[in-house]
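A.B. asks: Okay, handing you the structure first.
The values are calculated or read from the model by the stated rules, or taken from the named source; none is laboratory data. Treat the numbers as computed from the prediction; the structure is a model and nothing was measured. As a convention, Cβ positions derive from the backbone with ideal geometry for all residues, glycine included, and neighbour counts pool all protein chains shown. Quick note on the areas: whole protein, heavy atoms, side chains included, nothing else; ligands and nucleic acids left out. Shrake-Rupley method; radii C 1.70, N 1.55, O 1.52, S 1.80 Å.
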Amino acid sequence: AVTDYRTLRDNLPRRLARLLRCRCVLVYQRMGETLQFASGSFADQPGWSATLLAVAHINPIELHSDIPEAQAWRARRAVMAPQANVENALVCAPLIYRQRAIGILSAIRSTPAADAAPSGETEGIPIPGAACWSPAEVPLVAVVANVVAMLLENTRLLERDRERIHELSLLNGIT
């Protein structure tokens with residue numbers, strides 16, 4: 001029901017983290033020959049936090065690098081990777097809209113603090129679900145990434161159309 005592009009982009013990671021039962025969801029968008037961090041949440045905390053900065057790549061990611069986000073971009077499919085000494089803790093899936101990749105969705109199940117925390121808690125926050133992704137869950141993340149791509153692009157196009165209609169209405173009023 002959200003029709004504002006920026007609001008949707010900023011709120012999606014928090015909601016997706018709950019739905020996917022993971023600690024963190026990050027969204028990267030393509031800008032030229034790089035992937036740039038667009039939004040993310042960590043432990044259901046909105047905005048920037050030290051824990052989010054510990055897992056997110058804030059600097060642009062080169063499309064030709066070897067990190068999982070770039071590998072998923074080039075492969076055009078979901079890629080599992082280790083994170084914080086936990087095998088398969090990260091899944092990166094491309095955001096594909098109309099056969100064109102527009103970004104990457106990264107879902108992280110484990111965190112560096114999760115390994116040291118007692119009784120499955122990270123800084124007093126229970127870890128939802130398992131510590132790693134099973135191979136059977138990877139297609140689910142890929143489907144969610146496709147839906148996210150469609151939501152983001154359709155909302156962006158709707159916003160652009162509204163701006164264009166407003167401009168044309170102003171021109172019509174002037175004439």
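A.B. asks: Collect the residues in the range 65-97 that are in contact (Cβ under 8 Å) with a residue 24 or more places away in the chain and open to solvent by 70 Å² or more (accessible area, probe 1.4 Å), keeping them in residue-number order.
C.D. replies: 76, 77, 85, 87 - these are the residues of the range 65-97 that are in contact (Cβ under 8 Å) with a residue 24 or more places away in the chain and open to solvent by 70 Å² or more (accessible area, probe 1.4 Å).
A.B. asks: Would you be able to say whether some residue in the range 101-110 is open to solvent by 20 Å² or more (accessible area, probe 1.4 Å) and modelled with pLDDT under 90?
C.D. replies: Checked the range 101-110: no residue is open to solvent by 20 Å² or more (accessible area, probe 1.4 Å) and modelled with pLDDT under 90.
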